[in-house]
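See below for the structure under consideration.
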């Protein structure tokens, strides 16, 4: 039998909405702040977590502003300090950063085709990451958090692309398959790590929200 006392339960939260999310513009490592809707979503997340009555041992977040602002709303209601980890950043989209999905497809059709095909070794020009390299850094961050907090529950505030990787890590779905699960802004997503194995507990809980944008334009 599994020793559940060694389990680490992680609640992952995608940052609140930004103006670029609303425009379906690829942000990547560009440091875009939350818009008014996103700030309200961050407060809604904080209230929802407070209502759980569950103690969290730590709060980790990406070092990009949109994640830090979302985490800050949580720290105001919980006795936690946000621990920034650059490995929880969004994927670096190289020359796609700042473009809408439509602009990226129009300006760089072959690169966009490879992006949409989820080729694991395809890296964007201009310092962009491959899906494989991105996945490796997210895996490393999540494993470190889980190992450090065995027997505890923790919060992680991060990005849509990171959540795509985490869902696949916990479900065993390959990187290359099309995404068939939602990733709304400010929703709650739960995974568990026990004795080296990951398990998906719950996904895309947005009961505290009045509707939220998905990471992808047609999702």
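The values are calculated or read from the model by the stated rules, or taken from the named source; none is laboratory data. All values reported here derive from a predicted model rather than from experimental measurement. Counting neighbours? That spans all protein chains shown, and the Cβs are built from the backbone with ideal geometry, glycine included.
Annotations for the structure displayed:
- Considering the conditions (1) more than 18 Å from residue 83 (Cβ to Cβ); (2) part of a loop (DSSP other than H, G, I, E, B); (3) in contact with a strand residue (DSSP E or B) (Cβ under 7 Å, 6 or more places away or on another chain), residue 174 is excluded by exactly one of them, (3).
- Pick from region 74-89, criterion without any contact (Cβ under 8 Å) to a residue 40 or more places away in the chain and closer than 12 Å to residue 42 by Cβ, ranking: surrounded by the most Cβ atoms within 10 Å (Cβ to Cβ): 75
- If you check 73, 22, 79 for being at pLDDT below 95, out of contact with any strand residue (DSSP E or B) (no Cβ under 9 Å at 6 or more places or on another chain) and over 23 Å from residue 167 (Cβ atoms), only one passes: 79.
- Odd one out for residue 28 among (1) at negative phi; (2) in contact (Cβ under 8 Å) with a residue 40 or more places away in the chain: (1)
- Residue in region 168-175 that is closer than 24 Å to residue 22 by Cβ and touching a residue at least 12 places away in the same chain (Cβ under 8 Å) present: no
- Within region 111-135, the residues that satisfy the criterion of being within 23 Å of residue 65 (Cα to Cα), out of contact with any strand residue (DSSP E or B) (no Cβ under 9 Å at 6 or more places or on another chain) and in a helix (DSSP H, G or I) are 134, 135.
- So residue 69, is it free of Cβ contacts under 8 Å to residues at least 40 places away in the same chain and either crowded, with 19+ Cβ neighbours inside 10 Å or over 13 Å from the mean Cα position of the chain (by Cα) (or both): no
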